[in-house]
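Here the structure is laid out as structure tokens; the discussion comes afterwards.
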Amino acid sequence: MNREITVARGDGIGPEIMDACLRILEAAGAPLDYDEVNVGEKVYLSGNTSGIEPNVWDSLRRTKVFYKAPLTTPQGTGFKSINVTTRKTLGLYSNVRPCVSFDPFVRTKHPGMDVVIIRENEEDLYAGIEHRQTDEVCQTLKLISRPGSEKICRYAFEYARAYGRKKVTCFTKDNIMKQSDGLFHSVFDEVASEYSDIESEHWIVDIGAAKLADTPENFDVVVLPNLYGDVLSDVAAQIAGSVGMAGSANIGEHAAMFEAIHGSAPRRAGQNLANPSGLLMGGVLMLVHLGMRETAGKVHNAWLKTLEDGIHTYDIFRDGVSKQKVGTREFGDAVIERIGAKPENLPAVEYPDRPMTIPTATPRAPQQKLLRGVDVFIAWTDSDRNPDVLGEGLARADGDGLTLSMITNRGLKVWPNGAPETFCTDHWRCRFGVADDASLEQERIFQLLSRVGALGYDVIKTEHLYTFDGVPGYSLGQGQ
Ligand code: NAD
């Protein structure tokens, strides 16, 4: 019996490359039926700002597998990204992107590169919670959760085991973001300690990214929070050879989505030019996910043989190395002709039957949470923005055990004892805290806010300050 999957032919070059891929999968004998759905540009332009027709969700809930060509997100505000909506709605928390070089057949500075980027897909700055808070300052919330970090780190180690990989590297910026990236790093360390058969390491993302771009052969599996993963997976795919060659899997507990990592390249659309390789490699990841491992190996090896035979689309064609410049359709035909063949120069691929579990988060007893103070954010431009004037004025709101201890501007402490050279915006964080050991009642914070309001200050938001089992869950001011 055939397995039903949901298919979207996409926009731009999408329909051409999807057509080539489906023909190849069929020729390899993949037992698949397709439920074709409408998502993307036409749906957006018909007035549906989500870009997704409602029946698509029914199809995805039934088939649980989505094979999706690239989509065009129209320019302008108000159009929600279908990728982000699909990933978050279906809980596709893990984005897996194998980045492999095919030297000498596809130009690369990194022969021997074989890195798998595993990117957290639901959290971080992609929560899309943004606010303009003052005339001068906008804010995007970066949300990192313990269960979200645990699932993705565990996924990386389970992946390493299932695919015979030796090492998992984590990148964060926890020297600066000690709370959010600090949580991701500490959960990575906790999870790593349970996988003593796999080597683990952590790099600060800036030097880690530089090393990845310079010596990718030293990396194996790399796990990252969402934003770093977004940027570095494109870098890794590009330095391996081309973003046009890499496929991507988005995996969750309930469903999965497979695609190319590139976009809809509208300028190349309808000309039979585009390289279908990225979407085809997404299709191979899908076959492996569906347990059709032998067919996955057949398609992958036929594709490698096509590459090493020098049959190349324009984007990877190189005089002296390539033998024949072909279009999308002809590239598909060449892969089909080679089904059953194995590459002779590039390493052939085999997908052994090692099913992988999709990790879930481990429930944990909540820690003791005490309210210790509040950061009151104020919009203020009076008195030439002199922080001493703000400090003196706001201290008049002290009372009921709460005292103003610090004011920062863009995170830097400017009161008390600020430096006269510091540039200040109109966005001030004013920290009030309690000296005793007891947990503060919320009511006392509301009273403080009404005292601050009564003094005429423009309160734009507050953040409560908690300790968890005695450990502060908030950062100090820079320079504090
Ligand atoms: P793009 O990846 O579509 O194209 C960038 C350039 O890369 C193209 O001009 C082309 O020269 C080349 N290219 C990309 N894929 C190729 C292929 N298969 N074969 C040959 N050359 C290829 O990026 P873009 O131009 O920034 O984005 C175009 C549209 O795609 C935008 O609307 C964007 O929102 C969308 N997009 C969609 C996805 C997705 O659906 N997953 C991902 C990224 C971008």
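The values are calculated or read from the model by the stated rules, or taken from the named source; none is laboratory data. Small disclaimer: the values here were computed from a predicted structure and weren't measured. Backbone-built Cβ (ideal geometry, glycine too); neighbour counts: all protein chains shown. These area figures cover heavy atoms from the full protein model, side chains too; ligands, DNA and RNA do not enter into them. Shrake-Rupley method; radii C 1.70, N 1.55, O 1.52, S 1.80 Å.
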Segments classed as strands (runs of 3 or more DSSP E), wholly inside region 360-447, with at least 1 members that are closer than 30 Å to Lys151 by Cβ and not aliphatic (A, V, I, L, M):
369-379
Examine region 460-478 for a residue that is of a type outside the set (Lys, Arg), in the same structural domain as Pro387 (by TED's automatic domain parsing) and over 22 Å from Ser180 (Cα atoms), and state whether such a residue exists.
yes
Go through region 24-69 and count every residue that is charged (D, E, K, R), out of contact with any strand residue (DSSP E or B) (no Cβ under 8 Å at 6 or more places or on another chain) and within 16 Å of the ligand (Cβ to nearest atom).
2
Could you figure out which of (1) in contact (Cβ under 8 Å) with a residue 12 or more places away in the chain; (2) open to solvent by 20 Å² or more (accessible area, probe 1.4 Å) isn't true of Gln238?
(1)
With respect to Ala265, determine if the residue is away from the ligand (no atom under 15 Å from the Cβ), of a type in the set (A, V, I, L, M), over 24 Å from Gly164 (Cβ atoms) and assigned by TED's automatic domain parsing to the domain that holds Val115.
no
Of everything in region 297-324 that's part of a loop (DSSP other than H, G, I, E, B) and small (Gly, Ala, Ser), which residue is surrounded by the most Cβ atoms within 10 Å (Cβ to Cβ)?
Ser322
Counting only residues that are more than 24 Å from Met286 (Cα to Cα) and within 16 Å of the ligand (Cβ to nearest atom), which one in region 325-355 is surrounded by the most Cβ atoms within 10 Å (Cβ to Cβ)?
Val326
What do you reckon, is Glu150 closer than 21 Å to Phe377 by Cβ, of a type in the set (Asp, Glu) and modelled with pLDDT of 95 or more?
no
Options Pro104, Pro98; residue that is assigned to a strand (DSSP E or B), open to solvent by 30 Å² or more (accessible area, probe 1.4 Å) and touching a residue at least 24 places away in the same chain (Cβ under 8 Å)
Pro98
Among the residues in region 61-71, are any over 25 Å from the mean Cα position of the chain (by Cα) and either on the phi > 0 side of the Ramachandran plot or not acidic (Asp, Glu) (or both)?
yes
Identify, please: which residue in region 411-444 is open to solvent by 20 Å² or more (accessible area, probe 1.4 Å), under 34 Å from the mean Cα position of the chain (by Cα) and in contact (Cβ under 8 Å) with a residue 60 or more places away in the chain and is, among those, nearest to Ile378 (Cα to Cα)?
His427
Thr403: of a type in the set (Ser, Thr, Tyr) and touching a strand residue (DSSP E or B) at 6+ places or on another chain (Cβ under 6 Å), yes or no?
no
Does Glu150 fit the bill of being free of Cβ contacts under 8 Å to residues at least 12 places away in the same chain and either more than 16 Å from the ligand (Cβ to nearest atom) or among the acidic types (Asp, Glu) (or both)?
no
Among the residues of region 23-68, how many are within 30 Å of Glu337 (Cβ to Cβ), open to solvent by 10 Å² or more (accessible area, probe 1.4 Å) and assigned to a helix (DSSP H, G or I)?
3
Across region 158-200, which residue is farthest from the chain's Cα centre (by Cα) among those that are under 16 Å from Thr360 (Cβ atoms) and open to solvent by less than 10 Å² (accessible area, probe 1.4 Å)?
Val191
Show the residue pairs meeting these rules: Cβ distance below 8 Å; 6+ apart or different chains; first residue within region 278-298 and among the hydroxyl-bearing types (Ser, Thr, Tyr); second residue more than 16 Å from the ligand (Cβ to nearest atom).
Thr295/Leu25; Thr295/Ala28; Thr295/Gly29; Thr295/Ala30; Thr295/Leu287
Before we move on, is Ala260 within 14 Å of the ligand (Cβ to nearest atom), under 26 Å from Lys167 (Cα atoms) and touching a residue at least 24 places away in the same chain (Cβ under 8 Å)?
yes
Where in region 162-279 are the strands (runs of 3 or more DSSP E), entirely inside, with at least 1 residues that are of a type in the set (A, V, I, L, M, F, W, C) and closer than 27 Å to Tyr474 by Cα?
167-172, 199-204, 221-224
Looking at Met245, Met292, Met281, can you tell me which residue is at negative phi, away from the ligand (no atom under 16 Å from the Cβ) and either among the aliphatic types (A, V, I, L, M) or surrounded by 18 or more Cβ atoms within 10 Å (Cβ to Cβ) (or both)?
Met292
Can you confirm whether region 131-144 contains a residue that is within 28 Å of Met356 (Cβ to Cβ) and at pLDDT 95 or above?
yes
Flag for Tyr155 being open to solvent by 40 Å² or more (accessible area, probe 1.4 Å) and farther than 18 Å from Val235 by Cα
no
Regarding region 70-84, can at least one residue be identified that is in contact with a Lys or Arg (Cβ under 7 Å, 6 or more places away or on another chain) and within 16 Å of the ligand (Cβ to nearest atom)?
no
